[in-house]
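Undergrad: Structure provided below as structure tokens; questions to follow.
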Amino acid sequence: MTQDAHDQAARHDPVYDELSARPEFAELRSRYRRFVIPATAAFLAWYALYVLMSMFAHDFMSTKVAGNINVALVFGLLQFATTFLIAWLYSRYSNTNLDPLAKQLSDDYYESRER
């Protein structure tokens, strides 16, 4: 760690150290990871399937579905739909599982700063 980085770390609010040591903070991070890691892995696997199918299953991906719309185009559009679905699911998950705990920690932070 450089001296500048060390000095900057030493200047942060000590209340953060107290909050980060609390079990509620660890629970918040755990809940966050419980959603983000599987969602990221699932999306990357889905995207990798799309890329691999485009590379190695050219005949299947070029199969016409309707008119000039082929399987590859449908897969590509589903990538966008999946992105929006994951964002919507994360928003719901965050509102119910993360935000109440984060608000509690935030309130505790501001109360301790007022003292």
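Undergrad: Please give the solvent-accessible surface of Asp17 in Å², to the nearest 10, using a probe radius of 1.4 Å with every protein chain present.
TA: 80
Undergrad: Name the residues whose placed amide hydrogens come within less than 5 Å of the amide hydrogen of Asn70, ignoring near sequence neighbours (fewer than 5 apart) on the same chain.
TA: Counting only residues 5 or more places away or on other chains, the set is Val65.
Undergrad: Name the residues of the stretch 33-51 whose amide N is less than 19 Å from a point 7 angstrom out from the Cα of Leu77 along the C-beta direction?
TA: Only 47, 50-51 fall inside the zone, counting backbone N under 19 Å.
Undergrad: Run lengths n ≥ 4 of DSSP H only: what is the helix-derived mean residue ellipticity at 222 nm for the chain, with -39500 (n - 2.57) per run over all residues, to the nearest 500?
TA: Result for the chain: -26500 deg cm²/dmol, rounded to the nearest 500.
Undergrad: Gap in Å between the Cα centre of the stretch 17-34 and the Cα centre of the stretch 36-77?
TA: 37
Undergrad: Another question about this same structure. Along its principal axes, what span do the Cα atoms of the chain show, with the longest given first and each in whole Å?
TA: 69, 38, 20
Undergrad: Still on this structure: So, counting K/R as plus one and D/E as minus one, what does the shell of residues with Cβ under 13 Å around Ala41 add up to?
TA: After counting each charged neighbour, the total is +2.
Undergrad: In what sequence, highest mean first, do 55-61, 100-106 appear when ranked by Cβ atoms within 10 angstrom?
TA: 100-106, 55-61
Undergrad: Can I ask one more? Can you give the accessible area of Trp88 in Å² (nearest 10), computed on protein heavy atoms with a 1.4 Å probe?
TA: Probe radius 1.4 Å; accessible area of Trp88 about 140 Å².
Undergrad: At 0.36 nm per residue, and after removing the present C-alpha to C-alpha distance, how many nm does the segment from Thr63 to Asp4 gain when stretched out fully?
TA: Working it through step by step, the gained length comes to 15.4 nm.
The values are calculated or read from the model by the stated rules, or taken from the named source; none is laboratory data. What you see is a predicted model, and the numbers here were worked out from it, not measured in a lab. All Cβ positions, glycine included, derive from the backbone under ideal geometry; neighbour counts span all protein chains shown. Surface areas here come from the heavy atoms of the whole protein model, side chains and all, with no ligands, DNA or RNA. Shrake-Rupley method; radii C 1.70, N 1.55, O 1.52, S 1.80 Å.
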